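In what follows, a single structure is set out as structure tokens and then discussed.
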Amino acid sequence: MNQKIWKLKAKPNEQKVFKLSKELGVSKAICALLVSREIDTFEKAKTFFRPQLSMLHNPFLMKDMDKATNRVIAAVASKERIRVFGDYDVDGITSVSLMYSFLKSQNADCDYYIPDRYNEGYGISYAGIDGAIDKGITLMITLDCGVKAVEKIAYAQSKGLDVIICDHHRPGDVLPNAYAVLDPKRSDCDYPFKELCGCGVGFKLIQAYLKKQGLDEAIAFEYLDLVAVAIGADIVPIVGENRVMAFYGLKRLNEKPRTGMLALMKEHKRVGEMTITDVVFTIAPRINAAGRMKHAHNAVSLLIEENDAQAVKTANEIEEYNTDRRAHDQRIAKEALLQIKENKEEERVSTVVYDPTWHKGVIGIVASRLIETYYRPTVVFTKSKDCLAASVRSVQGFDVYEALEACKEHIDQFGGHMYAAGLTLKEENYEAFKEAFEKVVSETITEEQKVEVLDLDAELDFADITSGFNNILKQFEPFGPQNMAPLFFTKNVMDRGYSRAVGAENEHLKLHMCTEKERLSEMNGIAFKLGCHSGYVSKGLAFDICYAIQENAWKGKVTLQLGVKDIKTS
């Protein structure tokens, strides 16, 4: 089990806290949380708590946006055939659903295409290009992919197929010679917010289209539920423009969800309002499951569906895919952990594992699961046709994309982000890559990055955890990178006699606690993957907990509980 370091954040400036508390009329405890997030004035707090759609940037600040918009407008007006092409993960699926639905609403002649994860692999495919050319398509809009597909874009353009790229990944040394390349991360793009997801870039193109056509920009806001799901699933920073879009996207998801999304939410039987946490742990895995276990087209068909009965039918099918996916990833994770032990690789600084039988659709999830046990950069390989394909996941602060760049002599293809990537290589290069990756990680990872750090905001007594306190904390949402849910800690906690291990293998811990000094103030908690502490806890000995405050909905009743992240025994 991972050993975690608890690190209390630096105490915020007391004068700023006092001043903000006076201006806002809220407690110093809340204002300390705000100041530690660099929200230290009334105006900053107003922007944080009351994000406005007017805060969204002008889409034409993005390089190539004018060119891209004119091309789409011309294609729609002259009834050219348009193909919307996207990746098979949540960001790609929501992007395709967003762009296809919008173009259809503008009476465009368009279809959509998502490559098969197993037969075509990630990104733009020759099959997708050739299929478009055969159908007489003259414009292809790619979403969440394309910025590194130099050869494939050149091929498409040579065949008379114009390509507009909407991507958010880091470009390579050379940009594709596409008709237009929309990517805030391109070095010559001055767009003020660099952390959009792929769906966010697609949304900006829709905004630009509406502006240029003199149409109501509010039409674009109808698609923010899809953008919010992509933001949550792609783990992009929820600050700036992403915070605004996530805030209003969740609002739409809760108040007026599209037919397919409602069917998916009902299938999960969610009680209360959907949050980014619900998006990450309930909606996203189900949308992903279609592409992992069958084909991502199924998920797109759900998100664009307008018939209630058909939406429910498709949502039920996707729920089955998700059940199947869960069984695969749990089994493969166990096999991977066994492989690490058998190879005596517990003490390495990286994890690289391979089995030709592992399901390609779940290796990314498996990589994340392995980090729960061995906290280090992780690569999980499986066989894919005549090569090996891998999903890569990293740990806090370590740039795995840069590590892959340093190993590229052994790799055929790779792409991704600082914390998540994918790659392919020839089977004969596997061992060389494994050793090169271990060497690169060992030379570049810091001691701090080798241990998971829990950044704690403040110490609380259970008596401090009231519904009023929680109601203000809820206004800090949506939570995500660079605006994480506040983490608190309480010392000298004791079991009230009802705590117990739960789960199929007793891997989790359900807690019922009080503190030594406040025996009348009790709290319930759930500690995932911490069932190993049940023996100690049940003895009635004191322990310390680190946690986030959560709401637990059960039989229509909502109560506060602690989402315990770690336990330290005396």
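The values are calculated or read from the model by the stated rules, or taken from the named source; none is laboratory data. This is a predicted model, so every value here is computed, not measured. Because the Cβ atoms are built from the backbone with ideal geometry, glycine has one as well, and the counts that use them run over all protein chains shown. When the accessible area is computed, the model is the full protein with side chains, heavy atoms only, and any ligands, DNA or RNA have been set aside. Shrake-Rupley method; radii C 1.70, N 1.55, O 1.52, S 1.80 Å.
Quick notes on this one:
- Among the chymotrypsin sites (Phe, Trp or Tyr not before Pro) within the range 473-570, those in coil by DSSP and having at most 16 neighbouring Cβ atoms inside 10 Å are Tyr498, Phe528.
- Using only the C-alpha atoms, the convex hull of the chain corresponds to 161 Å³ per residue.
- Per-peptide packing, taken as the mean over residues of other Cβ atoms within 10 Å, places 224-232, 212-220, 376-384 in the sequence 224-232, 376-384, 212-220 from highest down.
- Acute angle (nearest 10 degrees) that the helix 308-342 long axis makes with the longest principal axis of the chain, alpha-carbon atoms: 70
- Stretching the chain fully between Glu459 and Glu346 yields a gain of 37.2 nm (0.36 nm per residue, less the alpha carbon separation).
- Here the contact order of the range 17-170, divided by its residue count and restricted to Cα pairs under 8 Å and six or more residues apart, works out to 18 percent.
- Cα gyration tensor category, rounded, prolate or oblate, for the range 1-75 with a/c compared to 1.5: oblate
- Degrees between helix 430-444 axis and first principal axis of the chain (Cα, 0 to 90, nearest 10): 60
- The range 169-327 shape via C-alpha gyration tensor axes, a/c threshold 1.5: prolate
- Degrees separating the helix 14-24 axis from the principal Cα axis of the chain, which is the longest one: 70
- Taken per residue, the accessible surface of the range 137-278 reaches 36 Å², heavy atoms only and a 1.4 Å probe.
- Charge dipole of the chain about the Cα centre (unit charges at C-beta), most positive-ward option of Val352, Leu33, Ala432: Leu33
- Gain upon complete extension [Lys11, Glu522; 0.36 nm per residue less C-alpha separation]: 181.2 nm
- Relative contact order (percent, whole number), the chain, Cα cutoff 8 Å, 6+ residue spacing: 11
- Pairs of Lys residues in the range 531-570, spaced 8 or more positions apart or belonging to different chains, with C-alpha separations under 28 angstrom: 4 in total.
- With R₀ fixed at 41 Å, the C-beta to C-beta distance from Ala309 to Lys555 puts the FRET efficiency at about 0.90.
- Here the 3J(HN,Hα) profile of the range 551-556, calculated from phi with Karplus coefficients 6.51, -1.76 and 1.60 at θ = phi - 60°, is 10, 10, 9, 9, 6, x Hz, Gly and Pro shown as x.
- The chain - charge dipole about Cα centre, Lys and Arg +1 at Cβ, Asp and Glu -1, debye rounded to 20: 1280
- Non-local Lys pairs in the range 1-40, i.e. 8 or more apart or on different chains, that have alpha carbons under 24 Å apart: 10
- Under Karplus coefficients 6.51, -1.76 and 1.60, residue-wise ³J(HN,Hα) of the range 498-508 in Hz, glycine/proline x: 10, 5, 7, 6, 9, x, 4, 10, 6, 7, 10
- Given charges at Cβ of Lys, Arg, Asp, Glu: the range 129-246 dipole, positive-most of Val150, Ile231, Ala246: Val150
- Where the range 404-506 is the region considered: accessible area per residue in Å², 1.4 Å probe: 51
- Accessible area of the chain belonging to carbon and sulfur atoms, whole % at 1.4 Å probe: 50
- Spin-label model, Asp173 to Ala327: label points 7 Å out along the Cα-to-beta-carbon direction sit 4.8 nm apart.
- Straightening the chain between Lys334 and Lys426 buys 30.6 nm, computed as 0.36 nm per residue apart minus the Cα-Cα spacing.
- Checking every one of the GluC sites (Glu not before Pro) in the range 6-46 against DSSP loop status and a limit of 15 other Cβ atoms within 10 Å picks out Glu38.
- Quick note on the range 385-543: its Rg to Rh ratio, both from C-alpha atoms and Rh being the Kirkwood radius, is 1.13.
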